[in-house]
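Presented below is the structure to which this report refers.
Just so it is clear, none of the values below were taken in a lab; they were calculated from the coordinates. Predicted model, so just to flag it, every value in this text is computed and none were measured. Cβ atoms come from the backbone with ideal geometry, glycine included; neighbour counts cover every protein chain shown.
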Amino acid sequence: MGLVSFFYESQRKTFICKFFCLVSTLGSMSYIYHSGYGYSTRLCQSVATWFIEKYFPKHKITLDIIHRGMKREGCVGYCDTTGGWFRPRNFEIEIDTHLDKETYIKTLLHEMFHMKQFIDGSLKTKWSKMYYKNEPVENYDYFDQPHEIAAREAEESLYKEYVTDNKVSHK
């Protein structure tokens with residue numbers, strides 16, 4: 001795994017971006033970029049690397065994880081594709097910086113599960129509408145949307161797997 005750090009100037013603020021390459025034994029490569037403030041770069045790298053190596057070892061995925069305050073949006077995380085909608089492989093996850101360790105891990109895994117849903121085709125966007133298993137999600141309240149229910153259920157089991165595989169303390 002290689003690490004390249006670089007700095008860039010944007011709107012008179014300096015941001016630090018970290019860039020990680022995952023090289024699997026089969027030679028495919030995924031890229032994880034993360035930026036922002038108030039987060040553990042090691043924890044972010046560890047969770048994202050674990051998920052991609054476990055569930056997508058043969059895929060070439062580009063993931064940009066942005067850490068920022070999300071209080072105004074009323075959420076703690078968001079996942080979207082940044083490339084095309086056909087066979088998406090480029091993703092952006094935004095995650096709140098003001099989370100405790102357990103909530104941070106669960107939220108990142110929740111958003112990465114949405115990435116998995118996009119990759120396996122169960123979650124799609126057509127004509128600016130989101131569909132889960134070919135059913136429009138706008139027909140449901142947010143907490144009742146089937147892709148959100150699946151992600152909430154998966155985040156608990158993914159968290160337990162991650163903690164077990166990485167011998168992470170719960171605090």
Q | Listed residue pairs exceeding 28 Å between alpha carbons, taken from 129/160; 60/126; 60/129 | A | 129/160
Q) Which residues' amide hydrogens lie under 5 Å from the amide hydrogen of residue 133, considering only partners 5 or more residues apart or on another chain, with H built in the peptide plane? A) 123, 124
Q: Give me 37, 162, 131, 142 ranked fewest to most by other Cβ atoms within 10 Å of their Cβ, as a rough exposure proxy.
A: 142, 37, 131, 162
Q: Give me the aspartates and glutamates in straight-line cross-link reach of residue 116: C-alpha distance below 15 Å, same-chain residues under 8 apart excluded.
A: 53, 64, 80, 92, 148, 153, 155
Q: Quick one: order 59, 110 by neighbouring beta-carbon count within 10 Å, fewest to most.
A: 59, 110
(Q) Please list, ordered by chain and number, the residues whose modelled amide H lies under 5 Å from the amide H of residue 63; skip anything fewer than 5 residues away on the same chain. (A) 31, 32, 33, 91
